[in-house]
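Here's the structure, in structure tokens; my notes come after.
Every read-out reported here was derived from the displayed coordinates using simple, explicitly stated rules and does not represent laboratory data. Worth saying up front: this structure is predicted, and the values here are computed from it rather than measured. Every residue, glycine as well, gets a Cβ built from its backbone with ideal geometry; the counts of neighbours run over all protein chains shown.
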Amino acid sequence: MHQKDQNNTHIPVLVEEALQYLSPQKGDSYLDLTAGYGGHAEAVLECTNNPRQAVLVDRDQNAVENLEAKFKGRGIRVLNKDFLQATQELMAEAGKFDVILADLGVSSPHLNIASRGFSLGADGPLDMRMDQRQTLTAGVIINTYPEAKLAEILERYGEEPKARKVAKIIAANRPVETTTQLAHLVARAWPGHSKVHPATRTFQAIRIAVNDELEQIRQGLPLWIDLLSPGGRIAIISFHSLEDRLVKQAFLDASGGGYDATIQILTKHPVTAGEQEIVFNPRARSAKLRAAAKINK
Ligand SMILES: C[S@@+](CC[C@H](N)C(=O)[O-])C[C@H]1O[C@@H](n2cnc3c(N)ncnc32)[C@H](O)[C@@H]1O
């Protein structure tokens, strides 16, 4: 496989489980809020066979170029926007969808292409933007935010127990230019060995802040429920507890209240990957899928 092809490969997680809960039927309309490299989309579209009523969203230009090439000539609408903007646009058009999927977080190409700056294992610039048109980068946060604000980001989005210490070390060593430099600085706050690299939480926190990830999800969730047609199904796949908590709460909010309930939760507990999938695709280890169906009123 060429380097470029390898960089543009993403193995979708929990595909069978997503299909089971989304139950896509022939003719269904489909909204994929994080279409990435089109693995889930391909599986869903095979069932709906209705590409003209499919909308694929991704804020990343590399992903969108791949989606356009992969589904060329099939009349699928591809939106290169963040999913909140895309949702607002679709709501203004008063469209409804039978099947909605959000497979949150970053893709394998984000992590594999060192120049994107997402991976602490590959030396790259402090970038971490999913949408490279935006001006806020990891470098801006790391090198210009006040130490206290940096500590707050590490604590809130990384649940970093030594947030203040890590922020202090970073602030004292500015400018920080690369992912490797950042990883080494964070490790200074955690002498000794640990199973997970001590900078993992910092990288997660900075990435979430750069891409405003949790706010996008928090605001998006109730709108996605609104966008479902009666009887429509939604599935959300999350990769860490901060995301999963938002999904769980939004589903509880929309399913409670007796007569006012708008959805029925289909997954009492989040669905996780089996051992076999994890061996084949280690990224699946932390995936959690929650699904719900719009009540037919
Ligand atoms: C886990 S990957 C999705 C992979 C996809 N399901 C597939 O089968 O290839 C997540 C994708 O969502 C995109 N993404 C994450 N947050 C987003 C947001 N707020 N708006 C739009 N796209 C987003 C990322 O750029 C990435 O391509």
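For the range 119-211, a crude dipole built from +1 on the beta carbon of Lys and Arg and -1 on the beta carbon of Asp and Glu, taken about the Cα centre, is about 220 debye to the nearest 20. Taken over the Cα atoms of the range 161-297, the convex hull encloses 150 Å³ per residue. Each Lys and Arg adds +1 at its Cβ and each Asp and Glu adds -1 at its Cβ; summed about the Cα centre, the chain shows a dipole of about 500 debye.
In bins 10 Å wide, starting from 0, what share of all Cα pairs of the range 140-184 does each bin hold, as a percent? Cα pair-distance distribution for the range 140-184, in percent: 30, 61, 9. For the chain, the longest principal axis of the C-alpha atoms and the axis of helix 147-158 are separated by about 40°. Largest GNM mean-square fluctuation across Ile263, Ile234, Ile141, computed for the chain with C-alpha springs under 10 Å, falls on Ile141. If you fit an axis through the alpha-carbon atoms of helix 241-255 and take the longest principal axis of the Cα set of the chain, what angle between them do you get, 0 to 90°, nearest 10? Taking the Cα atoms of the chain, the angle to 241-255 is about 30 degrees. Residue-normalised convex hull volume from the C-alpha trace of the range 133-227: 115 Å³ per residue. Within the range 17-64, the trypsin sites (Lys or Arg not before Pro) that combine a DSSP coil assignment with at most 15 other C-beta atoms in a 10 angstrom radius are Lys26. When the charge dipole of the chain is built from unit charges on Cβ atoms (+1 for Lys and Arg, -1 for Asp and Glu) and taken about the Cα centre, the candidate among Val166, Ile206, Trp224 whose Cα reaches farthest toward its positive end is Val166. Listed by chain and number, the aspartates and glutamates whose alpha-carbon sits under 19 Å from that of Lys297, ignoring those within fewer than 8 places in the same chain, are Asp28, Asp98, Asp226, Asp253, Asp260. Computed from the alpha carbon positions, the gyration tensor of the chain leads to an equivalent ellipsoid with semi-axes of 34, 21, 18 Å, biggest first.
The loop-placed GluC sites (Glu not before Pro) in the range 34-135, going by DSSP, that have at most 13 neighbouring Cβ atoms within 10 Å of their Cβ come out as Glu93. In the chain, a dipole from Cβ-located charges (positive for Lys and Arg, negative for Asp and Glu) runs towards its positive end, and of Gly117, Leu19, Thr34 it is Gly117 whose Cα lies farthest in that direction.
For the chain, the longest principal axis of the C-alpha atoms and the axis of helix 83-92 are separated by about 30°.
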